[in-house]
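K.L.:
Let me begin by handing over the structure; questions about it come next.
Since every read-out is calculated from the coordinates, none of them should be taken as a lab result. Owing to the predicted nature of the structure, the values given are computational and were not obtained by experimental measurement. A quick note on method: Cβ atoms are made from the backbone with ideal geometry, for glycine too, and the neighbour counts reach across all protein chains shown.
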Amino acid sequence: MLNTEHSLLLVIDVQGKLADLVWRSERLRDNIRILIEGMRVLGVPMVATEQYPRGLGPTVEPIARALGDAPVIEKNSFSCCGEFAFEVKLNELHKTDIIVCGIETHVCVYQTTRDLLDLGYNVHLVTDAVSSRTEDNWKLGMEKCKTLGAKMTGTEMVLFEMLRKSGTEEFKAISKLVK
């Protein structure tokens with residue numbers, strides 16, 4: 001079961017025009033923003049990546065704004081694990097559960113999930129907060145990640161799993177986010 005102590009949110013490459021071209025782009029951006037704001041309420045650290053930002057552009061607003069001062073790591077490797085700075089950050093944070101969202105499901109999300117699983121991390125793929133340019137590629141990426149052993153979850157599901165109970169200030173804040 002996920003908990004705040006052992007978890008990290010990873011936001012992969014929600015950048016530039018590509019973020020507008022993916023399947024269900026508006027829903028994707030809304031869910032990622034909700035995840036980020038919910039993780040902030042819960043005190044869960046976050047890391048974001050940008051794939052070749054000189055070519056693809058920076059992380060889109062309001063995702064960048066929601067991330068605030070969370071580290072953003074530039075990468076050229078499709079897998080986040082192919083960047084030394086990312087591996088250093090993972091080692092610094094000492095987390096076992098990586099909650100993954102971002103784009104594209106069949107490329108960077110899939111390759112990162114594969115490599116994180118190979119490194120022994122528990123990967124929780126937020127199915128309504130990942131996307132690809134086509135629904136078919138989204139489905140293919142999801143299937144590959146699940147076959148490799150990633151745990152499937154959703155935006156609300158992961159937030160309430162980590163929250164554990166109602167009647168708290170955190171519950172009130174997260175309830176407002178998901179309405």
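K.L.:
How much of the calculated P(r) for the chain lies past 24 Å, in percent of all Cα pairs?
P.N.:
For the chain, the fraction of Cα-Cα distances above 24 Å is 29 percent.
K.L.:
Based on the Cα atoms of region 89-159, what semi-axes does the equivalent ellipsoid have, where each is the square root of 5 times one gyration tensor eigenvalue, given in whole Å with the largest first?
P.N.:
20, 13, 10
K.L.:
Additional query: Mind listing the long-range amide H neighbours of Arg133? Cut-off is under 5 Å, sequence gap 5 or more, other chains count too, H placed in the peptide plane at 1.01 Å from N.
P.N.:
When sequence neighbours closer than 5 places are left aside, the close amide H contacts are Trp23.
K.L.:
List every DSSP H helix in the chain whose Cα atoms extend 24 Å or more along the helix's own long axis and whose mean Kyte-Doolittle hydropathy is at least -0.5.
P.N.:
25-42
K.L.:
What's the exposure ranking of Ile103, Ile174, going from fewest to most Cβ atoms within 10 Å?
P.N.:
Ile174, Ile103
K.L.:
If N is the number of residues in region 101-142, what value comes out of its Cα radius of gyration divided by 2.2 N^0.38 Å?
P.N.:
My calculation over the Cα atoms of region 101-142 gives 1.08.
K.L.:
Using the per-residue mean of other Cβ atoms lying within 10 Å as a proxy for protection, in what order, highest first, do the peptides 55-65, 75-85 fall?
P.N.:
So the peptides 55-65, 75-85, ranked by packing, come out 75-85, 55-65.
K.L.:
Which is farthest toward the positive dipole end of region 1-134 among Ser25, Ser77, Thr59, measuring Cα position about the Cα centre, with Cβ charges +1 (Lys, Arg) and -1 (Asp, Glu)?
P.N.:
The residue sitting most towards the positive pole is Ser25.
K.L.:
Let me ask you something else. Under 21 Å Cα to Cα from Lys151, which lysines show up? Leave out anything in the same chain fewer than 8 places away.
P.N.:
Lys95, Lys139
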